1. Given axes a ≥ b ≥ c from the Cα gyration tensor, I'd like to know whether segment 129-192 is rounded (a/c under 1.5), prolate (a/b larger than b/c) or oblate.
2. As a test question: what accessible area, to the nearest 10 Å², does S429 have when a 1.4 Å probe is rolled over all protein chains in place?
3. Taking the full set of protein chains and a 1.4 angstrom probe, give the accessible area of R96 in square angstrom, rounded to the nearest 10.
4. Give the shape of segment 347-429 as rounded, prolate or oblate, defined through the alpha-carbon gyration tensor: a ≥ b ≥ c are the square roots of its eigenvalues, a/c under 1.5 means rounded, and otherwise the shape is prolate if a/b is larger than b/c and oblate if not.
5. Rounded, prolate or oblate for segment 147-292? Axes are the square roots of the Cα gyration tensor eigenvalues, ordered a ≥ b ≥ c, and the cut-off for rounded is a/c under 1.5.
6. At 7 Å along the Cα-to-beta-carbon direction for both N70 and V263, put a label point, then send me their distance in nm to one decimal.
7. Normalising by the residue count of segment 337-449, find the relative contact order in percent from Cα pairs under 8 Å and 6+ residues apart.
8. Starting from the Cα-Cα distance between I153 and A423, subtract it from 0.36 nm times their residue separation and give me the gain in nm to one decimal.
Amino acid sequence: MKTALAGTLERARSAFATISLGQKVVIGLLLAGLLLGGFFFSRWITTPTQAPLFSNLSSSDAAAIVEELNAGGVAYELSDGGQTILVAKDAVYDLRLQMSGKGLPSGSDTGYALLDEQGITTSEFQQQVTYQRALEGELSRTLKSLEGVQQAIVHVALPKEEVFVREKASPTASVLLQLTAGTTLSGEQIQAVTNLVSSSVPDMSPDQVTVTDASGQVLASPGAGVTAAAGDARSQIELETQTRLAANAQQILDRVLGPNRAVVSVRADVDLDQRESTSKTYTYDEGTPPTSESTTTENYTGAGGAIVGGVLGPENMPDAAGNAGGGDSTYTKESSTTNNSVNETMTVEQGAPGGLNRLTVSVVMDEAVAGNLPQGQISALVSNAVGLDQARGDAITVASMPFDTTAADQAAAEMEAAREAEASEQMWSMIRTGGIAAGIALVVLVVWLRSRRGGQEIEEDYEPLELTDDMLAELDRIRIASTREAPIDNAAAELEAAERQKVRGEISAMVSERPDEVAAMLRGWLTENKS
């Protein structure tokens with residue numbers, strides 16, 4: 001075992017000694033890169049995955065949790081300005097249970113948990129204030145769960161309950177939202193905030209909720225609803241209508257003239273008023289029996305008498321015989337009442353908002369391609385595409401003008417140059433990467449071939465050379481002569497030339513027949529001389 005190990009080490013040392021200094025440097029850099037890459041890879045593999053333990057923590061809760069983690073020797077990381085604590089992913093749930101058992105995070109607004117802290121001696125005022133704080137805390141916690149809301153502060157003003165009052169004051173609320181970076185709430189989201197707050201407080205309407213963001217921008221105010229800061233609903237509906245109609249017309253023009261050869265602009269006057277009308281209609285069917293019928297008759301008969309009072313006239317004047325006016329009279333009155341069944345119909349009509357009051361359309365075509373096109377047909381096509389109604393007062397204008405394509409051409413040239421630069425950079429990056437990989441592979445291949453060839457030459461078992469004493473003496477003399485600084489005397493060499501000629505001939509023949517064995521022996525002599 002030791003002999004084999006020593007032989008392996010000797011072969012490695014011999015192979016390393018045969019390569020040049022540059023190859024040694026390349027091999028050293030390659031090994032250092034492999035070791036460094038393996039170190040970082042193993043460290044990346046062994047590093048545990050981090051996951052949030054708690055987020056959106058107050059400073060007091062974060063400090064308490066960090067203190068508990070330090071006491072338990074748990075590794076952690078802080079992010080998001082100290083509001084988020086990251087721990088190993090496989091330990092998140094266990095740590096959450098441990099922290100919950102210790103009452104962490106306690107939270108600055110504990111909601112209805114404040115009501116559990118009241119005692120027997122709590123006054124009515126304290127109970128009212130605690131209830132208001134609990135309500136505000138619950139609302140803040142609810143609003144923080146909305147997407148894009150980082151922090152929420154809610155203040156509720158509850159009027160004092162009084163008995164002998166005619167008009168009762170309504171509760172109000174104010175909401176301050178701190179949004180995450182780059183987040184803007186839409187009108188529907190702000191409406192959701194106002195509805196959540198108003199629905200949580202008795203007798204509160206959404207119009208009594210004020211919503212602002214951390215920058216001081218009013219998103220909703222009492223009496224104004226959702227303000228223009230959050231997006232006007234009318235403008236949004238008009239924009240959607242205009243975009244849809246313009247896209248219909250632009251699609252036709254692009255097919256006729258080509259892309260970027262025409263521009264369509266649509267202005268829509270949208271009616272967002274909501275109307276409700278109620279009408280009643282009564283009908284009677286002939287031949288229907290009446291529901292009720294009644295008849296009243298009055299009869300009167302009596303002698304005449306002096307009539308006192310009345311209007312002066314011939315009927316009240318005495319006649320020639322001296323008789324006073326007024327004689328016998330008879331009175332008869334008859335009336336009837338019939339109640340017929342009548343059909344009653346009530347109709348309630350509600351007009352949904354979103355109708356169009358008027359449309360105006362403008363079409364501009366590039367003169368270079370629209371010179372010979374009939375504008376009348378273009379106008380008719382666009383009118384049908386957007387649903388133009390002239391009876392409603394809609395109007396359309398079609399014109400052909402030369403387009404300025406300087407900016408478009410410049411942008412196209414810049415995009416083409418950027419595309420070519422990116423392609424060139426990718427090509428050179430691939431060439432560099434391929435060259436480095438090929439160089440490393442070539443170095444590894446050369447080192448492997450050299451080590452294999454050296455190992456084969458060293459490990460190969462050769463049969464011992466059968467040399468005579470004269471041949472050994474001549475080879476030994478040649479070896480010693482190669483190490484001397486001064487050459488041997490020429491006179492002595494001439495005297496021995498005849499004797500050595502024969503031995504050299506035998507050595508030459510042996511080198512021609514068995515070159516590998518001779519090369520191995522000479523290599524061993526050279527190694528001994530160097531050492």
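The values are calculated or read from the model by the stated rules, or taken from the named source; none is laboratory data. Worth saying up front: this structure is predicted, and the values here are computed from it rather than measured. Please note: Cβ atoms are built from the backbone with ideal geometry, for glycine as well, and neighbour counts cover all protein chains shown. Heads up: the accessible areas ignore ligands, DNA and RNA and are worked out on the full protein's heavy atoms, side chains in. Shrake-Rupley method; radii C 1.70, N 1.55, O 1.52, S 1.80 Å.
1. Numbers: a/c = 3.97, a/b = 2.13, b/c = 1.86.
Prolate.
2. The value for S429 is about 50 Å².
3. Here the residue's solvent-accessible area equals roughly 90 Å².
4. Values: a/c = 4.69, a/b = 1.94, b/c = 2.41.
Here segment 347-429 falls in the oblate category.
5. Working: a/c = 3.78, a/b = 1.05, b/c = 3.58.
Oblate shape, in that a/c is at least 1.5 and b/c is the bigger or equal ratio.
6. Going from the N70 label point to the V263 one covers 6.4 nm.
7. Working: 50 pairs, mean separation 31.3, N = 113.
Reported relative contact order: 28 percent.
8. 91.9 nm
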